[in-house]
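K.L.:
Sending over a structure as structure tokens; questions will come in a sec.
The values are calculated or read from the model by the stated rules, or taken from the named source; none is laboratory data. Computed from a predicted structure; not experimentally measured. Note that each Cβ is placed from the backbone with ideal geometry, even for glycine, and that neighbours are counted across all protein chains shown.
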Amino acid sequence: MVVCTCGASTSLRTLWTTQNPGLHFHRCNKPSSCEFVAWAEPPKIENLAVMIPALLDTIKRHEENARQMFARNMKLEEEAKKLAQEKKMLKVILGFGFFVVHVLLC
Ligand SMILES: [Zn+2]
């Protein structure tokens, strides 16, 4: 474990910037009083700089798809509520129709 110059422990973190995607660094656990940062080992996968942006793009596409599906689901739920109300109304009309026919025939 890397210890900060102030004596506090550090946390291993990962950068997700486009310039240094996947690069690991140690940061002091007392960031308010200490700004210690030390680079950790370089990434072991050579084409990580290519893979991570591609994966981030994939995540963005999936998030956009999820947003679109959520909006579509909301519309379908509203439509289902309207159809359920129409069904209730048609049942009432049908019941009244049967009552009228029954009264007229008896
Ligand atoms: Zn420190």
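K.L.:
Kindly evaluate Phe96 against the criterion of being within 30 Å of Thr17 (Cα to Cα), without any contact (Cβ under 8 Å) to a residue 60 or more places away in the chain and assigned to a helix (DSSP H, G or I). Quick ask: steps written out before the conclusion?
P.N.:
Values: within 30 Å of Thr17 (Cα to Cα): no; without any contact (Cβ under 8 Å) to a residue 60 or more places away in the chain: yes; assigned to a helix (DSSP H, G or I): yes.
No; evaluated as a whole, the condition is false for this residue.
K.L.:
In addition: With respect to the numbered conditions (1) exposed (fewer than 10 other Cβ atoms within 10 Å of the Cβ); (2) modelled with pLDDT under 90, which one is the sole condition not fulfilled by Val103?
P.N.:
Condition not satisfied by Val103: (2).
K.L.:
Just a yes or no: is a residue in the range 63-77 within 30 Å of Cys4 (Cα to Cα) and acidic (Asp, Glu)?
P.N.:
The first filter runs over the range 63-77 and keeps only residues within 30 Å of Cys4 (Cα to Cα), leaving none.
For the range 63-77, residues within 30 Å of Cys4 (Cα to Cα) and acidic (Asp, Glu): absent.
Residues checked against (1) in the same structural domain as Val3 (by TED's automatic domain parsing); (2) among the polar types (S, T, N, Q):
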| residue | (1), (2) |
| --- | --- |
| Gln19 | yes, yes |
| Cys34 | yes, no |
| Trp39 | yes, no |
| Ile59 | no, no |
| Met69 | no, no |
| Met74 | no, no |
| Glu79 | no, no |
| Lys82 | no, no |
